[in-house]
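To start, the structure itself, in structure tokens.
The values are calculated or read from the model by the stated rules, or taken from the named source; none is laboratory data. These numbers come from a predicted model, not from an experiment. Neighbour counts run over all protein chains shown; Cβ positions are idealised from the backbone, glycine included.
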Amino acid sequence: DAGITQSPRYKITETGRQVTLMCHQTWSHSYMFWYRQDLGHGLRLIYYSAAADITDKGEVPDGYVVSRSKTENFPLTLESATRSQTSVYFCASSGRASGGLGNEQFFGPGTRLTVL
Amino acid sequence: AQSVSQHNHHVILSEAASLELGCNYSYGGTVNLFWYVQYPGQHLQLLLKYFSGDPLVKGIKGFEAEFIKSKFSFNLRKPSVQWSDTAEYFCAVNAPYQTGANNLFFGTGTRLTVIP
């Protein structure tokens, strides 16, 4: 049972290039999330998805694009990478919440992205 | 703006010392509260969570946290730390009726260094 995986684990790219980070989960969780982790900011939500074909912006969505054609996959694309997007990116998933209760999020191992 | 605050950025303790990490949030109404830990080079893992009931929550590895509603706080404690507790600790809050049932908002994290 792989759980939640991310690829690549490390990526170096140049300013202006398009980069796609992959996230795959095997639990059939409804919700998936993308965060970036930066010193002094903790984790900040970029985008999330409540189900296939349903996505919504988080706190810091500018410069990012997501899609969710299949429940198990939630790729994050940087259309034209900038140095400020150098960060560690974490994908997470959680089951459908019920009765207003928040559910635990399960995190992937992260992708360290460097934009030169 | 709504927020999650962790006032201790870096805590250094000797083994066997007691630990208390502060977490305050500004969301009113119903909240679900989490503490996550990130060991060096690893992804986030759930330490404990509070949804309802007993405000004193016990988690894994001897950690506990107390929800004090009147103080908007959810402080993490451990009576005796070990070198293996060296990690970064994140408080997270879900306010289901305000921000969505599955969205988490993270504090900036507290780095704990335990000296053998």
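Kindly check whether there is at least one residue in the range A:78-100 that is touching a helix residue (DSSP H, G or I) at 6+ places or on another chain (Cβ under 6 Å) and either closer than 25 Å to B:C91 by Cα or in a loop (DSSP other than H, G, I, E, B) (or both). Give the derivation first.
Start the filter on the range A:78-100 by keeping residues that are touching a helix residue (DSSP H, G or I) at 6+ places or on another chain (Cβ under 6 Å), which leaves A:78, A:100.
Subsequent filtering for residues that are either closer than 25 Å to B:C91 by Cα or in a loop (DSSP other than H, G, I, E, B) (or both) retains A:100.
Within the range A:78-100, one or more residues are touching a helix residue (DSSP H, G or I) at 6+ places or on another chain (Cβ under 6 Å) and either closer than 25 Å to B:C91 by Cα or in a loop (DSSP other than H, G, I, E, B) (or both).
For B:Q45, the conditions (1) more than 14 Å from every other protein chain (Cβ to nearest Cβ); (2) closer than 30 Å to A:Y47 by Cα; (3) polar (S, T, N, Q) are fulfilled apart from (1). Listed by first and then second residue, the pairs linking a residue in the range A:1-25 that is under 20 Å from A:A50 (Cα atoms) to a residue that is polar (S, T, N, Q) and assigned to a loop (DSSP other than H, G, I, E, B), with Cβ atoms under 8 Å apart and 6 or more places separating them unless they lie on different chains, are A:G3/A:T26; A:I4/A:T26. For the range B:82-98, the set of residues classified as touching a residue at least 60 places away in the same chain (Cβ under 8 Å) and closer than 17 Å to B:C23 by Cβ consists of B:D85, B:Y89, B:F90, B:C91, B:A92, B:V93, B:N94, B:A95, listed by residue number.
Within the option set A:L39, A:L45, being modelled with pLDDT under 95 and within 8 Å of chain B (Cβ to nearest Cβ) holds for one residue only, A:L45.
Out of B:Q82, B:Q6, B:Q45, I need the residue that is surrounded by fewer than 16 Cβ atoms within 10 Å (Cβ to Cβ) and closer than 30 Å to A:Q6 by Cα. Which one?
B:Q45
Please go through the range B:30-48 and give me each residue that is in contact with a Leu (Cβ under 7 Å, 6 or more places away or on another chain) and either of a type in the set (S, T, Y) or over 30 Å from A:Y10 (Cα atoms) (or both), ordered by number.
Here is the first cut: in the range B:30-48, the residues in contact with a Leu (Cβ under 7 Å, 6 or more places away or on another chain) are B:32, B:34-38.
Answer for the range B:30-48, where residues must be in contact with a Leu (Cβ under 7 Å, 6 or more places away or on another chain) and either of a type in the set (S, T, Y) or over 30 Å from A:Y10 (Cα atoms) (or both): B:N32, B:Y36.
Return the residue satisfying two criteria in turn: it lies in the range B:49-74 and is among the small types (G, A, S) and assigned to a strand (DSSP E or B), and of such residues it is surrounded by the most Cβ atoms within 10 Å (Cβ to Cβ). Working first, answer last.
The initial filter retains those residues of the range B:49-74 that are among the small types (G, A, S), namely B:52-53, B:59, B:62, B:65, B:70, B:73.
The next check asks that each one be assigned to a strand (DSSP E or B); those that pass are B:65, B:73.
On the way: B:A65: 26, B:S73: 17.
Among them, the one singled out is B:A65.
The numbered conditions (1) more than 19 Å from B:G41 (Cα to Cα); (2) not in a loop (DSSP other than H, G, I, E, B) are all true for A:W27 except (2). Look at (1) closer than 29 Å to B:F51 by Cα; (2) away from chain B (no Cβ under 11 Å); (3) of a type outside the set (A, V, I, L, M, F, W, C) and you find that A:P8 fails only one, number (1).
When each of A:T71, A:T15 is tested for being touching a helix residue (DSSP H, G or I) at 6+ places or on another chain (Cβ under 7 Å), more than 11 Å from chain B (Cβ to nearest Cβ) and part of a loop (DSSP other than H, G, I, E, B), the lone residue that passes is A:T15.
Return the only residue of A:I54, A:I46 being hydrophobic (A, V, I, L, M, F, W, C), exposed (fewer than 15 other Cβ atoms within 10 Å of the Cβ) and either without any contact (Cβ under 8 Å) to a residue 40 or more places away in the chain or under 26 Å from B:F90 (Cα atoms) (or both). Talk me through it step by step, then tell me what you get.
Numbers: A:I46 fails: exposed (fewer than 15 other Cβ atoms within 10 Å of the Cβ).
On inspection, the qualifying residue turns out to be A:I54.
Just checking, does the range A:80-100 include any residue being surrounded by 15 or more Cβ atoms within 10 Å (Cβ to Cβ), at positive phi and over 14 Å from the mean Cα position of the chain (by Cα)? Scanning the range A:80-100 turns up no residue that is surrounded by 15 or more Cβ atoms within 10 Å (Cβ to Cβ), at positive phi and over 14 Å from the mean Cα position of the chain (by Cα).
Filter the range B:81-116 down to the residues that are polar (S, T, N, Q) and part of a strand (DSSP E or B), then identify the one that is farthest from A:G58 (Cα to Cα). Step by step, filter the range B:81-116, then rank; the result is B:T113.
The rows are residues; the columns are (1) more than 11 Å from chain A (Cβ to nearest Cβ); (2) farther than 22 Å from A:R36 by Cβ.
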| residue | (1), (2) |
| --- | --- |
| B:Y39 | yes, no |
| B:K61 | yes, yes |
| B:I68 | yes, yes |
| B:K71 | yes, yes |
| B:R77 | yes, yes |
| B:F105 | no, no |
| B:P116 | yes, yes |
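Filtering the range A:1-30 to residues that are at pLDDT 95 or above, among the aliphatic types (A, V, I, L, M) and over 15 Å from the mean Cα position of the chain (by Cα) leaves only A:I12.
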